[in-house]
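The values are calculated or read from the model by the stated rules, or taken from the named source; none is laboratory data. On a predicted model such as this, the values are computed, not experimentally measured, just so you know. Note that we place each Cβ from the backbone using ideal geometry, even for glycine, and neighbour counts take in every protein chain shown. Note: areas computed on protein heavy atoms with side chains; ligands, DNA, RNA excluded. Shrake-Rupley method; radii C 1.70, N 1.55, O 1.52, S 1.80 Å.
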Amino acid sequence: MSCRNRHAYDIECRDLLQTTADRLDRLRSLVERSGPEAREAMSRENMERTLDALRGQHNRLCARVEAARIATDDAWAFAHAIADQAAEELVSGLDHMEACLRRKAA
């Protein structure tokens, strides 16, 4: 049973990593194409800095997922929790950035 849970978690994480990477790419494109109205409230520099921070969170999530994948059975629950926390932080940051860009575009 534990092996099945770990395998399912690995698949879920792989999908999450791909989804978040796609969202980061979309955000980068939006920032690059953002007009002056979007830049009024949030400068391009700030948007780039935020994207860099989100990429750093994505890299941290990759590392946490890999740590969970190679963890022993005893350490897996802890590594799983740490990876989940990193995922929540990244998704929250992506949601916030997308909401800011949507408000600027409206």
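Below are the figures for this structure:
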quantity	calculated
Length released on extending from Arg4 to Arg26, taking residue separation times 0.36 nm less the Cα-Cα span	4.6 nm
Computed label-point distance, nm, for sites Glu45 and Arg102 using a 7 Å Cα→Cβ extension	2.9
FRET efficiency for Ala75 and Asp52, using Cβ-Cβ distance with R0 set to 35 Å, rounded to 0.05	0.70
His58, His7, ranked by accessible area, largest first (probe 1.4 Å)	His7, His58
Accessible-area value, Thr19, 1.4 Å probe, nucleic acids and ligands omitted, Å²	70
Options (1) 14.9; (2) 14.4; (3) 15.9 - which one matches Kirkwood radius over Cα pairs in Å as calculated here	(1)
Accessible area of Glu12 in the full protein assembly, 1.4 Å probe (Å², nearest 10)	110
Accessible area in the full protein assembly, largest first, 1.4 Å probe, for Leu94, Leu17	Leu17, Leu94
Rel. contact order, % - alpha carbon contacts under 8 angstrom, at least six apart, the chain	35
The range 3-30 versus the range 44-106: alpha-carbon centroid distance in Å	10
Electrostatic dipole magnitude of the chain [Cβ: Lys, Arg +1; Asp, Glu -1; Cα centre; debye, to 20]	280
